[in-house]
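The values are calculated or read from the model by the stated rules, or taken from the named source; none is laboratory data. All figures in this text were calculated on a predicted structure; none of them were measured in a lab. Every residue, glycine as well, gets a Cβ built from its backbone with ideal geometry; the counts of neighbours run over all protein chains shown. Accessible surface areas use protein heavy atoms only, side chains included; no ligands, DNA or RNA. Shrake-Rupley method; radii C 1.70, N 1.55, O 1.52, S 1.80 Å.
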Number of protein chains: 2
Amino acid sequence: MPTINLAIVGVGKIVRDQHLPAVAGNADYRLVAAASRNGRVEGIDNFGSIEQMLSAVPSIQAVSLCMPPQYRHAAAVQALEAGKHVFLEKPPGATLSEVEDLAALAADRHVSLFASWHSRYAPAVEAAREFLSGTRIRAMRVAWKEDVRQWHPNQAWIWQPGGLGVFDPGINALSIVTRILPRPVFATAATLEFPENRDAPIAASITFTDAAGLDLSAEFDWRQTGRQSWDIVAQTEAGEMVLSEGGAKLSVDGRLLHAEPEQEYPMLYGRFAEIIRAGHSDVDLAPLRHVADAFMLGRRKVVEAFHD
Amino acid sequence: MPTINLAIVGVGKIVRDQHLPAVAGNADYRLVAAASRNGRVEGIDNFGSIEQMLSAVPSIQAVSLCMPPQYRHAAAVQALEAGKHVFLEKPPGATLSEVEDLAALAADRHVSLFASWHSRYAPAVEAAREFLSGTRIRAMRVAWKEDVRQWHPNQAWIWQPGGLGVFDPGINALSIVTRILPRPVFATAATLEFPENRDAPIAASITFTDAAGLDLSAEFDWRQTGRQSWDIVAQTEAGEMVLSEGGAKLSVDGRLLHAEPEQEYPMLYGRFAEIIRAGHSDVDLAPLRHVADAFMLGRRKVVEAFHD
């Protein structure tokens, strides 16, 4: 198969940690350029903006957009209008409506749009989905509790309107939950805690249900020190299922059923190549829709100021 | 055509002011029952809950759900599972995801679901759509400013989480805007003003754009005394278009082009009968999606307490 000439826009921590190694390890791609206001990728052409890059390197066939979500739509429109396939880091945008707009534009231009959810490719997610499909779920508890100072040090954008705050990691949990459950869920109540000096929540608590009356709740908290938790626990007729470490490990009644090395970004790039070759898009907005629902439905609580 | 046996649930101000006269004036319907915690409809059977009503009156074919949005999903599931067609007052629910769930259930049960947007049936809306389709829009300003004490006196639910606050009327403006514009829009920034003693906004300011770079902004305010405004003003290459009085009147450069008597609810019930007979649903979530987007993207500002 011919390689795909790829460019990356928005060179920050996630690009260095995940995108570059995943692309380097996949023979389907040749990384030909990068554009970023601050970051650089060694060994290829670098540009200060996506406009400059697209006009200087016409051989680009696909673009990964990794800048903060508030700036993603404008860049995506430029890439799609230039006929490039587009990979959107999560969350795919700052609003649902702008991503719907991109999906329509991609269809119009006959290019592929990929709204990526890396946590769906965590090692044990498919095994959890299979386990839950064969039993009845009595209750499910999601706990995504981490130390924002460790994982998002001095990331100003994440606290700005549209930056989503604690939903930036929380949406990973929602991307897994919406994959492993047998039926769609919807929020019935939520509480969002906003630090008095910030425009995005530092903690959120949401209850959900589904058409069968599922008892589901999620706790997202960025104030966790010590042990970090990214766990989904389900009480089922076949025992207690624990999907832990962000989807990496699955156990039932204490027996470890599934634990393999993490390959999220390599799998995302595999999926992106697959949809480009098949000529379609992959845009599931359910995780972002649940976040928007929680903001719309949620009670706001002001809590103490947060300082990095 | 055989008449449709209709029941109404949630008998409050909007039912007495709008639904009952519209149903009485439409020969396609026979109103056979009502269910409400507090209200009653004279001359028909009344019940304390939808469960009691559905089991006591099996001849019901369609149900209009007019309770506050926070309680609409549970009632809709009961009606759809009993094989009834469902008319949802606006907004269709407290979350986007729950309405998606209802749409899937309606399709599964082969009944019609109608997410109604009464303002789309205001007299001059279609004329405004036609005018805008033939010109280029330079800018559009939406001003929906009314006195909440006059229009929603002591409606506690509207201030609760999920009650939407000033978006309850504002969603009417959004239902018109999304109908008359030639392309989908999306929010780029928003400010929501929450009274310090309330869980829903009393004012909101939103900027939108579209794929062609439209300059659109909307101001919703519930603190307006004196003249009330429900106006959409567009600067276009064919002149200044003013769609005023909530969609009732259209003028261009000061010349009145369209003003007919208001028939919103009669037209809604006409549309509901039409989709029942055609065997399909009519569920456009764009207005509610824009509200959710504004909540997710918006900056929160705390303003002085509001007392009824």
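A simple spin-label model places pseudo-atoms 7 Å from Cα toward Cβ; at B:Arg255 and B:Thr207 they are separated by 3.4 nm. When the P(r) is computed for the stretch A:4-115, the part past 19 Å accounts for 38% of the Cα-Cα pairs.
Compared with its chain on its own, the stretch B:66-113 contains the following residues whose accessible area drops by 40 Å² or more in the full protein assembly (probe 1.4 Å; ligands, DNA and RNA excluded): B:Thr95, B:Leu96, B:Ser97, B:Asp101. Projecting the Cα atoms of B:Ala273, B:Thr236, B:Ala286 onto the charge dipole of the stretch B:233-291, computed from C-beta unit charges around the Cα centre, puts B:Ala273 farthest toward the positive end.
For the protein assembly as shown, what proportion of DSSP beta bridges, expressed in % and rounded to the nearest 5, is antiparallel? Bridges in the protein assembly as shown that DSSP calls antiparallel: roughly 55 percent. Mind running the shape call on the stretch B:105-200? Use the C-alpha gyration tensor, a ≥ b ≥ c as the square roots of the eigenvalues: rounded below 1.5 for a/c, prolate if a/b tops b/c, oblate otherwise. Since a/c reaches 1.5 but b/c is at least a/b, the shape of the stretch B:105-200 is classed as oblate. Chains B and A together bury roughly 2700 Å² of accessible surface, counting both sides and using a 1.4 Å probe on protein heavy atoms. Under the shape rule built on the C-alpha gyration tensor, where the axes satisfy a ≥ b ≥ c, the stretch A:77-141 is prolate, since a/c reaches at least 1.5 and a/b is greater than b/c. Neighbours of B:Trp222 by Cβ distance under 12 Å: Lys/Arg scored +1, Asp/Glu scored -1, total -3.
Computed from the C-alpha gyration tensor, the three semi-axes of the ellipsoid equivalent to chain A are 32, 23, 18 Å, from longest to shortest.
Less than 5 angstrom separates the built amide H of A:Ala33 from those of A:Ile8, all sequence-distant by 5 or more or on a different chain. Suppose we compare each residue of the stretch A:253-302 in its chain alone and in the full protein complex with a 1.4 Å probe; which ones drop by at least 30 Å² of accessible area? Relative to the lone chain, where solvent access is computed with a 1.4 Å probe, the stretch A:253-302 loses at least 30 Å² at A:Arg289, A:Ala292, A:Asp293, A:Phe295, A:Met296, A:Leu297, A:Arg299, A:Arg300.
Calculated [222 nm] ellipticity per residue, helices only, for chain A: -8500 deg cm²/dmol; basis is -39500 (n - 2.57) per DSSP H run with n ≥ 4, divided by all residues, nearest 500. In this assembly of identical copies, the label point of B:Pro153 (Cα plus 7 Å along Cα-to-Cβ) is separated from its counterparts by 6.0 nm, sorted shortest first.
Between this copy and the others, label points of A:Arg271 are 3.6 nm apart in ascending order, each placed 7 angstrom from Cα in the Cβ direction. Highest-first packing order for the peptide set A:229-235, A:161-167 is A:161-167, A:229-235, based on the mean count of other beta carbon atoms within 10 Å. At R0 = 25 Å, how high is the FRET efficiency between A:Val233 and B:Asp199 if r is their beta carbon distance? Nearest 0.05 is fine. Calculated value: 0.25. The residues of the stretch B:154-170 listed by number as losing at least 50 Å² of accessible area in the complex, against the isolated chain and with a 1.4 Å probe, are B:Pro161. Taken over the protein assembly as shown, lysine pairs spaced eight or more positions apart, or on distinct chains, with alpha carbons under 21 Å apart number 11. Backbone geometry of the stretch B:88-104 corresponds, through the Karplus equation with coefficients 6.51, -1.76 and 1.60 at θ = phi - 60°, to 3J(HN,Hα) couplings of 9, 4, 8, x, x, x, 8, 9, 5, 5, 5, 6, 4, 4, 5, 4, 5 Hz, x marking Gly and Pro. Residues in the stretch B:1-150 average 41 Å² of solvent-accessible surface per residue, probe 1.4 Å, ligands and nucleic acids excluded.
Across the stretch A:106-120, coupling constants 3J(HN,Hα) worked out from phi with the 6.51/-1.76/1.60 Karplus curve, θ = phi - 60°, read 4, 5, 4, 8, 6, 10, 9, 10, 10, 8, 7, 10, 4, 5, 5 Hz, and Gly and Pro carry x.
Mean-square fluctuations from a GNM of chain A, with a 10 angstrom spring cutoff on Cα atoms, peak among A:Asn197, A:Asn172, A:Asn46 at A:Asn197.
Heavy atoms of the protein chains alone define the surface here; on that basis the stretch B:210-251 has 41 Å² accessible area per residue at 1.4 Å probe size. A simple count of charges around A:Pro2, restricted to other residues whose Cβ falls under 15 Å of its Cβ and scoring Lys, Arg +1 and Asp, Glu -1, yields 0.
Net charge of the neighbourhood of B:Val185, taken over other residues with C-beta under 12 Å away and scored Lys/Arg +1, Asp/Glu -1, is -3.
For the protein assembly as shown, the convex hull spanned by the alpha carbon atoms encloses 168 Å³ per residue.
Each Lys and Arg Cβ is given +1 and each Asp and Glu Cβ -1; about its Cα centre, chain A then shows a dipole of about 40 debye. Just the number, please: percent antiparallel of the DSSP beta bridges in chain A, rounded to the nearest 5. Taking every DSSP beta bridge within chain A, about 55 percent pair in antiparallel fashion. Taking B:Arg30, B:Arg227, A:Arg72 and ordering them by how much accessible surface each has at a 1.4 Å probe, largest first, produces B:Arg227, B:Arg30, A:Arg72.
Spin-label model, A:Thr3 to A:Arg30: label points 7 Å out along the Cα-to-beta-carbon direction sit 0.5 nm apart.
Rolling a 1.4 Å probe over the protein heavy atoms of chain A, with every protein chain left in place, gives an accessible area that is 48 percent carbon and sulfur. Which of the three applies to the stretch A:207-279, rounded, prolate or oblate, going by the alpha-carbon gyration tensor with a ≥ b ≥ c and a/c under 1.5 meaning rounded? Here the stretch A:207-279 falls in the prolate category. Counting from the shortest, the label point at A:Gly226, 7 Å from Cα toward Cβ, is 6.0 nm from the same position in each remaining copy.
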